Structure formats: structure tokens, C-alpha cells
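Since the structure comes first, as C-alpha cells, the remarks are kept for the end.
No lab work stands behind these numbers, since they all come straight from the coordinates. Keep in mind the model is a prediction, meaning the values are calculated, not measured. Glycine gets a Cβ as well: all are built from the backbone with ideal geometry, and neighbour counts include every protein chain shown.
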Amino acid sequence: MSYTALYRKFRPDNFDDVKGQDHIVTTLTNQIKHNRIGHAYLFCGTRGTGKTTVAKILAKAVNCQHPVNGSPCGECDMCKAIQAGTSMNVIEIDAASNNGVDNIREIREEVAYRPTEGNYKVYIIDEVHMLSTGAFNALLKTLEEPPSYVIFILATTEAHKIPITILSRCQRYDFHRITIDTIAERLDELLKIEGVEAEEKAVRYVAKAGDGSMRDALSLLDQCIAFYLGQTLTYDKVLEVLGAVDTEVFSKLLRKVLQGDVTGAIRTLEDLIIGGRELGQFVGDFTWYMRNLLLVKTSENPEEAIDVSSENLKLLREESEMVDVETLMRYIRIFSDLSSQIRYSTQKRVLVEIALIKLCRPAMETNLDSVLDRLRVLEQRMDERPVQQVFVQPGATGNAGSTGIGSDGSAEAMAAAPEKAAPEDLQKIVASWKVIVGQTSGIFKQMLQKSIPKYNGQTGEPVLYIEFQDFLGKTYVDNPEAEEELKNIILAQTGKSVELKMVVAKEHNHTNLAKVTVDQALRENIHMDVVVEEDPDDAEE
Ligand SMILES: [Zn+2]
């Protein structure tokens with residue numbers, strides 16, 4: 001008996017079995033039930049999300065003699081003929097290899113003839129973005145006046161390559177990446193039918209590796225089953241067959257590196273080597289992983305730039321919170337240098353180890369980005385010292401009233417003099433502090449992000465004190481240019497001009513400085529034309 005690949009064997013033949021595309025299935029079955037079938041459909045989406053499968057089911061459904069709830073019955077002659085691929089009513093064209101004008105002209109000649117049996121001739125043009133310009137023009141003529149018995153289903157992974165003239169004549173359906181849960185559920189079903197035992201974690205890993213594509217997941221599962229035929233499929237076996245390093249390992253490694261834990265990082269590498277992973281592959285994958293992190297950190301819509309499932313994206317977002325852009329760029333530079341060195345080297349392992357040590361120990365390098373990274377390490381150490389200061393973010397809920405505990409002052413000293421409320425102007429500025437800081441740039445911005453806007457809690461004078469937390473901020477204390485820049489931004493943002501004083505927390509005696517803490521009720525009374533952007537950093541505070 002010949003072996004049929006899982007994804008062929010279990011290809012859905014009715015709408016009910018299509019997984020993860022409910023929005024499309026519902027619309028299509030409704031159209032069929034109410035006989036409002038279109039003449040041109042465009043199915044977009046990444047590979048393996050079910051575009052051609054749905055196209056074939058649709059072709060059957062419109063020709064079926066007894067459709068059930070919009071789905072093909074699977075029993076009538078038409079259904080059977082289409083299923084077997086013998087019907088003349090369904091014509092599949094792969095535009096990748098039939099992309100010329102002549103191929104489309106042939107279609108135009110054919111569509112002149114009514115189907116001899118059934119209701120519709122359905123043309124499924126796969127990879128339609130591959131058509132030549134001439135072919136698109138020829139297709140457009142047919143789409144402009146399609147005979148009533150013709151349906152075109154155009155499928156593509158790259159909708160942006162389709163001319164607008166074609167797009168405007170099609171009903172467009174975007175196929176989503178399928179979630180890990182949905183894929184895992186389907187894999188479980190099929191494994192039961194096939195009588196294969198598998199660990200839940202193994203199934204989830206395969207589902208995850210499919211990265212939104214049911215077809216890829218099924219092919220991977222096929223490989224794993226074939227390798228360990230008749231045995232229980234465990235997580236370890238799956239990793240071994242797929243030769244893969246689990247992305248969890250990347251995340252573990254990155255955390256070790258960020259902690260400066262050389263031993264831990266080298267040990268993680270050793271585990272990979274013992275596990276038989278290929279080092280060149282690993283270097284490439286880890287670089288790619290960091291590239292995705294960087295995109296998540298810097299891009300407004302990372303999901304458009306990164307080709308990963310939403311579950312993976314969520315993990316990347318978590319990780320991106322742990323590392324800053326400069327550090328990440330330094331890591332990527334070291335690892336991309338490494339990937340060209342490692343190719344012809346006989347000492348791959350040593351090179352990877354050196355690179356990991358470089359990541360953990362920025363002090364070993366002397367260029368600018370490593371210096372920045374050294375500062376990061378220093379700052380982290382300062383942050384980790386016993387904290388005397390209680391941080392209260394402006395506007396944070398549940399913190400009405402300033403704690404008033406300065407870095408060099410004590411709570412008792414604060415209690416001595418009652419605080420006056422900050423002038424309204426200052427409150428407005430503080431309320432839009434993040435937006436203001438967001439308009440500065442470079443290191444100044446980084447410093448400001450860690451600064452705390454304060455006011456004099458005893459006099460209530462209209463002066464905004466900007467308290468920097470560490471020695472680096474010192475650079476800005478007597479920097480008229482930076483002060484001017486900030487003033488201008490504040491003026492543009494809030495329409496208020498205030499006096500600024502920049503101070504360093506640990507060096508000045510300003511026990512009477514309080515944080516402007518605007519409580520919720522007050523905030524609601526302040527009219528602001530600005531949108532306060534929520535900083536993702538605040539999510540965990
Ligand atoms: Zn039927």
C-alpha cells in the first residue's frame with residue numbers, strides 16, 4: 001500500500017472540517033445558501049492556511065446537487081467527480097508555470113462554453129501574482145464581463161503584487177495564520193485516527209513549528225512519525241527529528257547573556273552541541289531571533305514585518321521588554337560577524353563561545369555600542385542596590401498624594417512641612433510627560449525617560465524640576481541647549497512656558513521637592529489636547 005502524506009490524506013473535503021478560517025467559511029456558506037455567489041474571489045494568505053482547499057470545497061459546493069447548509073454533500077455525482085479530479089467544471093491552473101498571455105487567452109476561449117453538467121465552471125488560479133502584465137490584462141477583460149456560469153478563484157501569498165484593476169473586481173478573503181491551539185487540536189484528532197501515541201508537548205511543538213500553516217505542521221508531523229514508526233512520539237524525539245533548537249532555548253540564552261552569566265550561556269551552548277545541533281544553523285537562527293526582537297521593539301506594526309504566528313509574537317514582545325535597542329544591535333552585529341567567520345572554520349565551537357563571552361562582557365570591546373552596553377550594566381547594578389527611593393509614576397492609580405520621599409531625604413523630614421499642590425501648568429506638563437520625552441532624541445531621550453518631573457512641595461513655585469537618577473544625567477544639568485530644546489517641546493505640546501531646573505537626585509539637597517502626583521479626579525478635570533501614550537514599560541509596574 002502506498003503511503004499518502006498526512007496533509008493529503010486529511011485534506012478537508014467540506015467546510016466543517018476547515019480549521020481556523022471561520023470568518024471565511026461563514027461568509028461563503030451564507031452566499032451559497034442564499035444563492036448570492038460572486039464571480040471573482042481573491043484568496044490571500046500565507047502558505048498552508050487552506051486557500052486551495054477552500055477553493056476546491058467552494059467549487060464543489062456551487063456545483064453540488066444537494067448542498068447541506070452551504071457545504072457540498074460529497075455524495076452526488078458532481079461532488080464525486082470533482083473530488084476525484086475528473087470533472088471538467090473545475091480547472092486548476094498554477095500561475096507559477098502558466099504565467100503567459102497565451103495561457104490566459106486559452107481560458108478566455110474556454111469560458112465561452114457553458115458547462116455540460118453542473119452549474120458552474122470554476123477556475124482556480126494558484127499563485128496568481130506570478131502572472132505577467134500581459135496575462136493580467138487578458139484576465140481583466142474576462143473579469144470585466146464574466147459569463148454567469150463562470151467563477152474565478154484567484155489564490156496568492158502576495159496580494160500586494162496583484163494589480164489594483166484586478167483587486168477591485170474580486171471579493172477579497174484574507175486567510176489567517178492558524179493558531180497553535182487550533183493546529184494542535186487537529187493534529188491530536190489525526191494522531192488518534194492514525195493510532196499514534198504522542199506527548200502533548202510534542203504535539204504542541206510540531207504545531208508551533210508549523211508557524212500558522214496547517215500544511216507545514218502536518219508535513220513535520222509526517223517526518224516525526226516516519227522516523228519513530230510505531231513508537232510514542234516524545235518532545236525530545238520531535239526536536240531531534242526537526243534538528244531544531246527550540247525558541248525557548250534562544251530566550252533562555254538571551255536571559256543568561258543579559259545577566260552577564262558567561263558560565264550559564266556557555267552551558268546552554270554545550271547542551272545544544274550535545275543535543276547534536278548544527279552550530280552554523282544555530283548562529284543563523286539566533287541572529288534571526290534577535291532581528292525579530294529588534295523589529296518588535298522598534299516597529300509600530302511588527303506583525304507586518306515579522307513572519308511569525310501571534311503566539312510567537314507575544315513571546316517576542318515579552319522578551320523585547322528585557323533588552324534595549326542599542327544592546328540588541330550590538331548583539332546582532334557580533335553574531336552576524338560570527339556567521340561569516342564560522343562558515344569555513346574548523347573551530348566553530350570556540351568562535352561561538354568567544355562571541356557569547358563578548359555579548360556577556362561588553363568591557364572586552366571598545367567601540368561605541370559596547371560602551372553604551374557597559375553603561376547599561378552599570379545602571380542595572382545601581383538599580384539593584386538597596387532602594388531608598390519609592391518610585392511613583394505620575395498618574396499611577398492608587399497612589400494619590402505624593403510619597404515625598406526623596407533620595408536623600410527621609411519620610412519624617414517630608415512630614416514636617418505640608419505640601420502644596422503643584423500649579424496647574426505643571427500638572428499638565430507632567431501628565432503629558434511621556435509625550436514630551438518621546439519628542440526628544442538620542443541619549444537625552446534615554447536620560448529623560450528615567451528622569452522624574454518634580455515640583456517644590458512647600459512653596460508651590462512654578463518651576464519644573466527634572467530629577468535625573470544617575471551620574472549620566474549630570475551631563476544635562478548645566479546644558480542650556482538641552483534645556484532650550486526641552487522648553488520648546490513643552491511649549492509646543494502644552495502651550496505652557498515654564499522655568500526648568502535640571503538636578504541630579506543624589507547630589508543636590510532638595511528635600512522639599514515632591515513628585516507631582518495628579519490623582520484621577522483631578523486628571524479628569526484637566527483638559528488636554530494631547531494623547532498620552534502608554535509606555536509598554538509600565539505594564540508590569
Ligand atoms: Zn454534492
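General remarks:
- Note on K201 and D16: the model spin-label points, each 7 Å out from Cα along the C-beta direction, lie 3.6 nm apart.
- Förster radius 56 Å - calculated FRET efficiency between S148 and V350, Cβ distance, rounded to 0.05: 0.20
- Förster-model FRET efficiency, 56 Å R0, T165 and Q281, C-beta, rounded to 0.05: 0.80
- Linear extension gain, R36 paired with M322, 0.36 nm per residue minus alpha-carbon span: 97.8 nm
- Contour minus Cα-Cα distance for I443 and R333 (0.36 nm per residue): 37.6 nm
- Compared with the alpha-carbon gap, the fully stretched path from V463 to R267 is longer by 65.2 nm at 0.36 nm per residue.
- Take the Cβ atoms of L491 and E75, set R0 to 60 Å, and the FRET efficiency comes out at 0.20.
- Values of log10 I(q)/I(0), in the order q = 0.12, 0.16, 0.21 Å⁻¹, for region 150-287 under a Debye, Cα-only, solvent-free model: -0.66, -0.91, -1.17
- Placing pseudo-labels 7 Å out from each Cα toward the beta carbon at E109 and A5 gives an inter-label distance of 3.3 nm.
- Here the 3J(HN,Hα) profile of region 325-341, calculated from phi with Karplus coefficients 6.51, -1.76 and 1.60 at θ = phi - 60°, is 4, 4, 4, 4, 5, 5, 4, 5, 4, 4, 6, 6, 4, 4, 5, 7, 5 Hz, Gly and Pro shown as x.
- With each label modelled as a point 7 angstrom along the Cα→C-beta vector, the S340-L140 pair spans 4.4 nm.
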